Structures are given as structure tokens and as C-alpha cells.
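First the structure, in the form of C-alpha cells, and then the observations on it.
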Amino acid sequence: MIVVVADAVRIALAAQFRTDAILTLDQRDFRAVRPLTAEHKAFRVLPFDL
């Protein structure tokens, strides 16, 4: 799995804002990566997880 820079920025911003919601159409990368905060177990990939 290769995480591109744009995906890494979204992961870092989600950790900064302490959220598990990611708005993207690229589900595959975010289903494989866990959030950096301990309070969330997986990302909610929006709009697919509404």
C-alpha cells in the first residue's frame, strides 16, 4: 500500500481535528489505514458511510 502525499495530509488533518470523517471518493486507501488518534478505530469515508 502506497499512501500518497495528499492522503497523508488528510490523515494528519483528521488527527489534528480529532475526527474520523474523511471526504473522498478514493475509499481503498482510507479503508486500509487507521486514524492516528486512539479514540477512533477506523475512518468514516464520506459520502459512502452516511
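Here are the numbers:
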read-out	value
Among 38, 12, 21, residue whose mean-square fluctuation peaks in a GNM of the chain (springs only between Cα atoms under 10 Å)	38
Summed residue charge, Cβ within 14 Å of residue 20's Cβ, Lys/Arg positive, Asp/Glu negative	+4
Loop-located chymotrypsin sites (Phe, Trp or Tyr not before Pro) in the chain, at most 16 other Cβ atoms within 10 Å (DSSP)	17, 48
Added length on full extension, which subtracts the Cα-Cα distance from 0.36 nm per residue, residue 13 to residue 44	9.7 nm
Calculated log₁₀ intensity ratio I(q)/I(0) where the Debye formula runs over C-alpha points of the chain, q = 0.24, 0.25, 0.27 Å⁻¹	-0.87, -0.95, -1.11
Computed [θ] at 222 nm, helices only, for the chain once each DSSP H run of length n ≥ 4 contributes -39500 (n - 2.57)	-10000 deg cm²/dmol
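Here, each number is a calculation from the coordinates, and none is a lab measurement. On a predicted model such as this, the values are computed, not experimentally measured, just so you know. All Cβ positions, glycine included, derive from the backbone under ideal geometry; neighbour counts span all protein chains shown.
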